[in-house]
Amino acid sequence: MIPLFSTHIPKLAGEEVKRLIESGWLNRGKKAELFELSFMKMFGCNNALSVNSCTSALRLAYDIAKSIAKEDKRINPEIITTPYTMIATNTALLECRIRPVFVDINYETININPDDIENNITDDTIAIVGVDYAGLPCDWNKINRIAKKYDLIVIQDAAQALGAKYCGSDINKWTDMTCYSFQAIKHITTGDGGMFVTINPFIAELAKRKIWFGIDKDARIQTELGTVFPDITTLGFKYAMNDVSATMGIEGLKDLEWILKRRAEIAKQYREEFMGVKDLLPTRYDGDKMESANWLFPIHVKRRSKFAKKMRNMGIEVAVHNWRNDIYTVFYNSKTSELKNIQRINDDLIHIPLHAELTQEQVNYIIRTIKGMRW
Ligand SMILES: Cc1ncc(COP(=O)(O)O)c(C=O)c1O
């Protein structure tokens, strides 16, 4: 079976992790620091903090959005969000005691529809979170314009979008806080892990403390009794990435350029070959404005179950991967606007294999199979 996803293990990752283990230092330390520096250099940002998952990065972002919101907004805070995403985008809101306000998505891009945001803003809204679904950036210019008008924080769930660009710049330039994932099947992996990036130096300082119990490491005092932390003024979490994961991340970044290039090549072939195929429509790709990181290749298909069954019979793994979040019981207390597109997407969207480990023969086979198949 041609797998839908792959886990990319860089050539030297094993050796480097072994060397680290032999050194006896597994905690967060020099490797995490180096991973962050390499990341900032590669993506041209100033404040990147490696954490133990993207879910942690999202919780951190939501917690910070809440803590810097005006006092009257902290009582019943709401964040405007997409209902079509991996569940972590929205369960993290509940964990932070923030009410998700689900708005509609764009049928063609699967991303949050900026035109549906403004009429869902209330006095309790503190932020907007958008997910760059499948690696394709949201329309951040439009979202930022609304955020500015209502003084809202903008958070980007870029778990699927490492390396994507918007209007010629890396995606992390466009939002107050950006959260990446290095979970096992992402572009690069640290086993589990994430990166929290912010363009705001004040948020960066706060986040630094919050990823380690709220402790300001720079204020530590060494005494004959050991390390003393003078005070802890803000509540934090245990989210910091350890050096084992960071070692894998450092090696992963070295491979990222060709991973992105290969994914883009395959996606381009799919888009060209599937043009005009009956009952199948790849999601929209806005090449001029948005450069996708091509994590998934989503397609709308008619008679989806039949399509899936036939593809599996032909040895090609396909899957829906995400389901609309708003129908899950845990979200009983969320707000939902009229979601015109979500049901359509929930009924016709499916993903076909897209990853850097696919051989050209496998790509050709997938294309041939789909073009020659009736379902
Ligand atoms: C859109 C989105 N958000 C959040 C996450 C959670 O990431 P992690 O597993 O690193 O916590 C994922 C994971 O696949 C995701 O796809």
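Do we have any residue at all in segment 17-29 that's crowded, with 18+ Cβ neighbours inside 10 Å and within 23 Å of residue 203 (Cα to Cα)?
Yes, because at least one residue in segment 17-29 is crowded, with 18+ Cβ neighbours inside 10 Å and within 23 Å of residue 203 (Cα to Cα).
I need every pair where a residue in segment 346-375 that is assigned to a loop (DSSP other than H, G, I, E, B) has its Cβ under 6 Å from the Cβ of a residue that is among the small types (Gly, Ala, Ser), sequence separation at least 6 or different chains.
355/6; 357/6
Just name the residue that is farthest from residue 164 (Cα to Cα) out of those in segment 117-143 that are part of a strand (DSSP E or B) and more than 16 Å from the ligand (Cβ to nearest atom).
Result: 125.
When you scan segment 3-62, how many residues do you find that are within 14 Å of the ligand (Cβ to nearest atom), part of a loop (DSSP other than H, G, I, E, B) and either in contact with a His (Cβ under 6 Å, 6 or more places away or on another chain) or not hydroxyl-bearing (Ser, Thr, Tyr) (or both)?
3
Residues checked against (1) farther than 18 Å from residue 150 by Cα; (2) more than 16 Å from the ligand (Cβ to nearest atom); (3) touching a residue at least 60 places away in the same chain (Cβ under 8 Å):
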{"residue": "73", "(1), (2), (3)": "no, yes, no"}
{"residue": "83", "(1), (2), (3)": "yes, no, yes"}
{"residue": "89", "(1), (2), (3)": "yes, no, yes"}
{"residue": "105", "(1), (2), (3)": "yes, no, yes"}
{"residue": "108", "(1), (2), (3)": "yes, yes, yes"}
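How about segment 180-238: which of its residues are at positive phi and more than 14 Å from the ligand (Cβ to nearest atom)?
Once the filter is applied, which keeps residues that are at positive phi and more than 14 Å from the ligand (Cβ to nearest atom), segment 180-238 yields 213, 214, 226.
Mind checking which strands (runs of 3 or more DSSP E) fall wholly inside segment 144-203 and carry at least 3 residues that are buried (at least 18 other Cβ atoms within 10 Å of the Cβ) and among the aromatic types (Phe, Trp, Tyr)?
none
Output the residue which, of all residues in segment 91-100 that are part of a loop (DSSP other than H, G, I, E, B) and within 16 Å of the ligand (Cβ to nearest atom), is surrounded by the fewest Cβ atoms within 10 Å (Cβ to Cβ).
Top of the filtered list is 96.
We did not get these values from a lab; they are worked out from the coordinates using the rules stated. Small disclaimer: the values here were computed from a predicted structure and weren't measured. All Cβ positions, even for glycine, are placed from backbone atoms using ideal geometry, and neighbour counts span all protein chains on display.
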